[in-house]
Structures are given as structure tokens and as C-alpha cells.
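The values are calculated or read from the model by the stated rules, or taken from the named source; none is laboratory data. The shown structure was predicted, so the numbers you read here are calculated from the model rather than taken from an experiment. When the accessible area is computed, the model is the full protein with side chains, heavy atoms only, and any ligands, DNA or RNA have been set aside. Shrake-Rupley method; radii C 1.70, N 1.55, O 1.52, S 1.80 Å.
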Amino acid sequence: EIGPFKLNTSRNNFERGKTDNFSVEGQEIGAVNRIRIGHDNKGFGPGWFLDSVEVVNEATGDKSEFRCQRWLAKDEDDGKISRELSVGDGASHGSHGYKVTILTGDRPHAGTSANVFCEVVGSEGST
């Protein structure tokens, strides 16, 4: 596991239809097979429509893609503000650095001002 870590590079992260990139360091975690992602439900308009997350092993370029296409909001969908997303075979191996790319959905009010966190889980242990 790497995380959970707060995702924040600028004041305007997670805006409607935008892509945000984050670099994450941690111990070797093996094949990336799932992530946990969510937010703290704070700030103005904390509901967030998450389209997808991509995790790239920065050493090998191997990619793991996680499709969500759901709301993380107390007042939308099923009311959950965090989700665990899984991927099939062929995920990343061998690096201590991962690039996490997040695409916020292009829907009205899809962005969030809440503090977003993510946890990357591998097959070989945790950080």
C-alpha cells in the first residue's frame, strides 16, 4: 500500500472536465491491483464526479486504469464519499515511484473543493 495520501498540487484541483497529475513515492508494492479514493466532504460543493484514475509505474511505464464514472457525494448516487476500484491483470511492477492521473467528470457541479485522498494497493505489501 502507498497512502492514503492527500492529492493536492494547486488551488484548482479536481475541476469539471479536467485532468490532475500527482507523483507518489513509497516502497515497492508489486502489481497495482486496486485503489481506494475519496474525500473528506469539506469545502463548498464537496460532491465530486470521478471519471477515472490511471496509475503509471514511472520506472517501467506500465499503466493500471481504474474506471469509476460515479459520484463521490453524500447527496448524489449512493451517498458514498470514497470508493475502492479494482483492475484486472497486467498492472505495474518494480518501481518506488508512481504517477497518479485523475480525470474529473464533465458534468455540472462535478468538481470538488474537498480534500481528496488516494491509496494505491499492490500485491506485495504496503508502505
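Observations on the structure shown:
- Rolling a 1.4 Å probe over the protein heavy atoms gives the chain an accessible area of 52 Å² per residue.
- The alpha carbon radius of gyration of region 1-90, expressed as a multiple of 2.2 N^0.38 Å, is 1.13.
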